[in-house]
Amino acid sequence: MSSRSRKSYIGVDIVRSGGKDLSRYVYAIAIYRDGKLLKVDEGGIGRLVRLLWDFRPAVLAVDNLLEIGGSRKSLMKVLRLIPPDTEVVQVNLENRRAIPVKAVMAKAGLKPEKGKMNPTKTAIVLAYLAMEGYGEKLLVFEKKVKVSVYMGRSGSAGGSRSEKYKRNMRGAVARMVKRLKEELDRRKIDYDVVIRRSKGGIESALFTIYASRKELSGIIKSAKGYDVVVRIKPVINRKLLSVPKKDTGRYLIVGYDPGMEAGVAVIDLDMKPVLITSGRGIDRGDIASKLVGLGTPVIVATDKRPVPEMVRKLGSMLGAQLYVPPKSLTIGEKELLSEEYRRRFGVAPRNTHERDALSAALKAYRNYEEKLKKLVQTVRRMGITIDNLQKYKVKLLVNESLSEIIEEMINDAFTPAVKELSVRPQESGRGEACEALKEEVSELRDKITQIQMEKETLRHRSARLEKEVQQLTMELEKIHAELSEKVARDRKVKELSQRVKNLTQHLAFVEAENKRLSAAISNVGRLIERIYSGELSLVPRLGTRCVSNGSVEKAFYIDSPGQVSAQLLMRLGKEGKGVILPPGSEELAKNLIDERYVPAVAAKEVWDASDCLKAVDSESLELLEKARQDLERRLKQENEFTLADLERMLNEYRMSKLKQEKDNVRNQESA
């Protein structure tokens, strides 16, 4: 009992089938916990899934997995809703063969009732047998998980700022992808990732992680945020619902074009097409599953150099050689290879992904084509009949010499086939046959008597168990009533606990805010003292909502001259108003004086008094006044110099004119 304590086991049987409509199905559900029957219920798919997630059972017990969904497609939908840590057990499986449930009950010491059990009793029995360890576990999920990372919003709205939103979201996706890769690399978990990049970051990424969902618990979590979404999807084991295929004895060359939309092309060593397909999110595991029954992969080929990491991993997974072309194939080369293949075999790729994969496989084949042709020609010339030439062709691909392969083929051709001989027993006499039949009839009668006795024993046991079930059902209803009261009480406690948690968080926020405000008040107090003592003076900030550019103030503070228009600076200079700049702006202050004729000085000390006012050191204001006076003297001197020049030019002009008139008079007199 200790091995099953603190665990839940749920048994399920069909009450009413709904055909292809899962919403019309009705299930009988029985729940065992701590070795006792806890609950018996009946409901649709919604109730079944809710109870599975409420109890998170160790085992979901069934007697026929397919009947839960009715069809393979519906069953896949149901399996995706099962909690990842719940195992599915078919209790009537023994060495992968189905046996009657009543036979399992007899082994467990339960007395089957006469006739067919109703679904409720069947569900109870299934849960009990699973709890006792009967049946075999079904591998519902592959050891593979798909993780999609993409933007949380479309980014289509926002007008002129939509591109900024998209860049922010792509950046968030890129950061999430980087974090997931670091987590997986740190734990050395095998994975593939296909990334769709875009301007400013990553549009989306698809991880294929080769680990169970349980192994990833606590490492990767589903998330749906404003900027990024992480979606985890366990992969259903499709082999669970498929019939195993027989090996064909072929050897294959696999061309692989990885990406969000991947392409796969498979040809054999006779260059005949085996499989050409493409699809979104095809990974290594999917390719390996598709190759089952098609043949043995010996070469994995790519059309790119350097080789993509996912192609390298596929080759390692399949145990095949890797073919990488000397240089990446051009579009023209790939089109030519595909067209030649279409003309020869009548098979054409449907898209560029299939074209690239087929080109890779054909390029790999051509790398070995001369050796393969030489082997075929030698066989034909020698007249040797070979049933399966591909098993010898593959030896060329692993660099065995042609002469050794020919010798092996000759030896195999002359090896005689060993035929099994069957020996028919000789007929015995009629008397001996009669004696044997009498003994057999006697044995059968003894067996019938024994079976009848066992049947009676089991009938009494079934009646006793049915009575116990009734008693347990009544006890369960009583416990259920007590639990309902306890759940209500626990819910209230949980609600109060959450309120305490919220209030504690709010108190921490208020304390931090109080601390910040106390520090701010202290700083304001020291600032007022220094202003009162005359160390600092208040200066308005130019351009704020508190001070207009028409203010009567003689000094303004600006963070940077670039924030103020040239016209405003010119106006300040004409009005004799000064400008105070941040500390370290001495060069800017000099340029304003020399080029704009605006009195300016870089403050030595600046404090924020409010949004409208700055507190600057009084010494800087004195320096600003000095700069204003110096600029006025400079401008006055420049203006005076200009008037003197004008007067001198007028005098020179008068003298020149007077001289010209005298010369004219003199010339007239001499004439």
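The values are calculated or read from the model by the stated rules, or taken from the named source; none is laboratory data. These numbers come from a predicted model, not from an experiment. Positions of Cβ are generated from backbone atoms using ideal geometry, with glycine treated the same way; all protein chains shown enter the neighbour counts.
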*Could you please tell me which pairs satisfy a Cβ distance under 8 Å, a separation of 6+ or placement on different chains, a first residue in region 24-39 that is in the same structural domain as Leu129 (by TED's automatic domain parsing), and a second residue that is part of a strand (DSSP E or B) and among the polar types (S, T, N, Q)?*
Ile31/Ser8; Tyr32/Ser8; Arg33/Ser8; Leu38/Ser8
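This table checks each residue for (1) within 40 Å of the chain's Cα centre (by Cα); (2) modelled with pLDDT of 85 or more; (3) part of a helix (DSSP H, G or I).
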site	(1), (2), (3)
Lys478	no, no, yes
Ala488	yes, no, yes
Gln505	yes, yes, yes
Val510	yes, yes, yes
Gly543	no, no, no
*Could you check how many residues of region 327-351 are farther than 23 Å from Lys393 by Cβ and in contact (Cβ under 8 Å) with a residue 12 or more places away in the chain?*
10
*Can you tell me which residue in region 68-119 is modelled with the lowest pLDDT, limited to those that are among the hydroxyl-bearing types (Ser, Thr, Tyr) and under 26 Å from the mean Cα position of the chain (by Cα)?*
Ser74
_Pair list, Cβ < 8 Å and 6+ apart or interchain, from region 127-138 residues that are in the same structural domain as Leu37 (by TED's automatic domain parsing) to residues that are crowded, with 17+ Cβ neighbours inside 10 Å and among the basic types (Lys, Arg)_ = Met131/Arg4
_Could you tell me how many of the residues in region 92-147 are under 28 Å from Ser217 (Cα atoms) and in contact with a strand residue (DSSP E or B) (Cβ under 6 Å, 6 or more places away or on another chain)?_
14
*Among the residues of region 340-381 satisfying the criterion of being polar (S, T, N, Q) and in contact with a helix residue (DSSP H, G or I) (Cβ under 8 Å, 6 or more places away or on another chain), which is modelled with the highest pLDDT?*
Ser359
*asked:* Tell me whether region 277-293 contains one or more residues that are farther than 25 Å from Ser148 by Cα, among the hydrophobic types (A, V, I, L, M, F, W, C) and within 27 Å of the chain's Cα centre (by Cα).
replied: yes
*Run down Gly43, Gly11, Gly18 and say which single residue is more than 34 Å from the chain's Cα centre (by Cα) and either at pLDDT 90 or above or among the β-branched types (Val, Ile, Thr) (or both).*
Gly43
*When residues of region 545-569 are limited to those that are over 23 Å from Glu619 (Cβ atoms) and in contact with a helix residue (DSSP H, G or I) (Cβ under 7 Å, 6 or more places away or on another chain), the one modelled with the highest pLDDT*: Leu569
*Those residues that are surrounded by fewer than 16 Cβ atoms within 10 Å (Cβ to Cβ), closer than 20 Å to Tyr191 by Cα and touching a residue at least 40 places away in the same chain (Cβ under 8 Å), I need them from region 282-308; list them, please.*
Ser289
*Using the structure shown, decide if Asp13 is closer than 28 Å to Arg464 by Cβ and crowded, with 20+ Cβ neighbours inside 10 Å.*
yes
*Lys313, sole failed condition from (1) surrounded by 18 or more Cβ atoms within 10 Å (Cβ to Cβ); (2) modelled with pLDDT of 90 or more*: (2)
